[in-house]
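Worksheet: one structure, shown below.
The values are calculated or read from the model by the stated rules, or taken from the named source; none is laboratory data. Remember, predicted model here, so these are calculated numbers, not experimental data. Positions of Cβ are backbone-derived with ideal geometry, glycine not excepted, and every protein chain shown enters the neighbour counts.
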Amino acid sequence: MDIFIAPLKFYSAPLLQNLVTELSKRFSSAIHVIDLKINLEDFFSTEREQYFSTQIIAEAMKLTDKFDGKIILLTDVDIFVPVLTFIFGEAQLNGKHSILSVCRLHEEFYSGVSDEHLLFQRTVKEALHELGHCYGLRHCVDWDCVMHSSPGIEEVDIKGNIFCRKCISKIEGYKT
């Protein structure tokens, strides 16, 4: 089962390429970059000045029947679900679709200082996390596991960048 990355308002070609390379090392699946025609402005909340991730995923579902595999929508825009102030990503549990925003993964969002290496590490962790949900994984209590919950950037930085043994056993095509 392949993995498809669909950039939507995503502007860093080097980060995208590095993510493709990293996921290729970790999964036996082929990793593809695809172009989906989704107008994110249709999902912008003027009250929140953010984009509603669940609605973006719903739109992607209409356009991706022909793709056999997992789909990650990758964006630079700030995303939300109504019950939370912000989210890094959202995924269908044991489903096909997920979305990952790097907006709040940029170090400059917090400190004003750019750190491309840290951004890459955070992006990999959150991409693996959202894919984990698509493979049926729930949040893990193990802080070393990438499936540990990350409501804030501190938790993203603290948690590990691999799946724990319990979680990895449930992921099809993951290289150990």
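Give the residues of region 59-85 that are among the charged types (D, E, K, R) and either without any contact (Cβ under 8 Å) to a residue 60 or more places away in the chain or surrounded by fewer than 20 Cβ atoms within 10 Å (Cβ to Cβ) (or both), sorted by residue number. Glu59, Lys62, Asp65, Lys66, Asp68, Asp76, Asp78, listed by residue number. What about Ile56, is it in a helix (DSSP H, G or I) and buried (at least 20 other Cβ atoms within 10 Å of the Cβ)? When the stated conditions are applied, Ile56 passes them. Residues that are in contact with a Cys (Cβ under 7 Å, 6 or more places away or on another chain) and not charged (D, E, K, R) were ranked within region 137-163; the one that is nearest to Ala91 (Cα to Cα) is Leu137.
Only residues that are assigned to a helix (DSSP H, G or I) and closer than 28 Å to Met1 by Cα were counted in region 110-166, giving 19.
Name the residues in region 86-104 that are buried (at least 23 other Cβ atoms within 10 Å of the Cβ) and hydrophobic (A, V, I, L, M, F, W, C), would you? The answer is Phe88, Ala91, Ile99, Leu100, Val102.
Residues considered: Lys37, Lys70, Lys62, Lys25. Of these, the only one that is over 16 Å from Ser101 (Cα atoms), modelled with pLDDT of 95 or more, in a loop (DSSP other than H, G, I, E, B) and basic (Lys, Arg) is Lys37. Among the residues of region 36-52, some residue qualifies, meaning at least one is out of contact with any Phe, Trp or Tyr (no Cβ under 8 Å at 6 or more places or on another chain), crowded, with 18+ Cβ neighbours inside 10 Å and closer than 24 Å to Val124 by Cα. Of the set (1) assigned to a strand (DSSP E or B); (2) touching a residue at least 60 places away in the same chain (Cβ under 8 Å), all apply to Ser98 but (2). Scanning region 154-176 for residues being out of contact with any strand residue (DSSP E or B) (no Cβ under 8 Å at 6 or more places or on another chain), modelled with pLDDT under 95 and within 16 Å of Leu23 (Cα to Cα) gives a total of 3. For region 3-35, a residue qualifies if it is in contact (Cβ under 8 Å) with a residue 24 or more places away in the chain, over 19 Å from Gly69 (Cα atoms) and either of a type in the set (A, V, I, L, M) or surrounded by 11 or more Cβ atoms within 10 Å (Cβ to Cβ) (or both), and the qualifying residues are Lys9, Phe10, Ser12, Leu15, Asn18.
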